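The values are calculated or read from the model by the stated rules, or taken from the named source; none is laboratory data. Computed from a predicted structure; not experimentally measured. Glycine also receives a Cβ, built like all others from the backbone with ideal geometry; neighbour counts cover every protein chain displayed. Note: accessible area is taken over every heavy atom of the protein model, side chains too, but ligands, DNA and RNA are not part of it. Shrake-Rupley method; radii C 1.70, N 1.55, O 1.52, S 1.80 Å.
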Amino acid sequence: MNQADPWQWYNEIPIVSRIYLTASFITTAACALDVISPFSLYFNFGLIVYKGQFWRIITNFLFFGLFSLDFLFHMYFLVRYCRLLEEGTDFRSRTGDFVWMICFGATLMTMTAPFVRWLARGVLAGGAWASTIELSPRRCLRHPP
């Protein structure tokens, strides 16, 4: 196989990072093709609580904007840092712990969203989540000696 083969590169990405990349790409593609509207993805506390639109809790972490240079940068950094965390010494062969870290961080962001003005207004959390992953150095996640 050629080293520049995209399918080979995709299959070498660890499973959790690959699933997150795929879900983000599919969400963006669905919005770009007008299958779904980006307005049905953003976090809106009122719509979640009073209208029962619970998918917004998850989908706001999957949408990074329509296909653009900004989207490519988000995907690059998302894959790079998720992969470094997942393959690094802290989460190597501990996929469940990595998933737990992602769920814990997403839960904290979701719980604080109603109290944070910019997120409570309905901003998509994808960019904030990518920044959280990027700024999670492995040394902060290690257990104390």
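Scanning region 33-53 for residues that are in a helix (DSSP H, G or I) and among the β-branched types (Val, Ile, Thr), we see that the one that is farthest from LEU66 (Cα to Cα) is VAL49. In region 68-89, is there at least one residue being over 25 Å from PHE104 (Cβ atoms) and outside any helix (DSSP H, G or I)? Checked region 68-89: at least one residue is over 25 Å from PHE104 (Cβ atoms) and outside any helix (DSSP H, G or I). Of all residues in region 11-18, at least one satisfies being outside any loop (DSSP other than H, G, I, E, B), crowded, with 17+ Cβ neighbours inside 10 Å and among the small types (Gly, Ala, Ser).
For every residue, the table says whether it meets (1) among the basic types (Lys, Arg); (2) open to solvent by less than 60 Å² (accessible area, probe 1.4 Å).
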residue	(1), (2)
ALA30	no, yes
SER37	no, yes
GLN53	no, yes
PHE71	no, yes
ARG80	yes, no
GLU87	no, no
ARG92	yes, no
PHE115	no, no
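Please work out if ALA30 is of a type outside the set (Lys, Arg), without any contact (Cβ under 8 Å) to a residue 12 or more places away in the chain, more than 26 Å from ASP97 (Cβ to Cβ) and not in a helix (DSSP H, G or I).
Numbers: of a type outside the set (Lys, Arg): yes; without any contact (Cβ under 8 Å) to a residue 12 or more places away in the chain: yes; more than 26 Å from ASP97 (Cβ to Cβ): yes; not in a helix (DSSP H, G or I): no.
Against the criterion (of a type outside the set (Lys, Arg), without any contact (Cβ under 8 Å) to a residue 12 or more places away in the chain, more than 26 Å from ASP97 (Cβ to Cβ) and not in a helix (DSSP H, G or I)), ALA30 does not qualify.
Answer yes if at least one residue in region 33-43 is among the polar types (S, T, N, Q) and either within 25 Å of ASN11 (Cα to Cα) or modelled with pLDDT under 85 (or both), and no otherwise. No, that holds for no residue.
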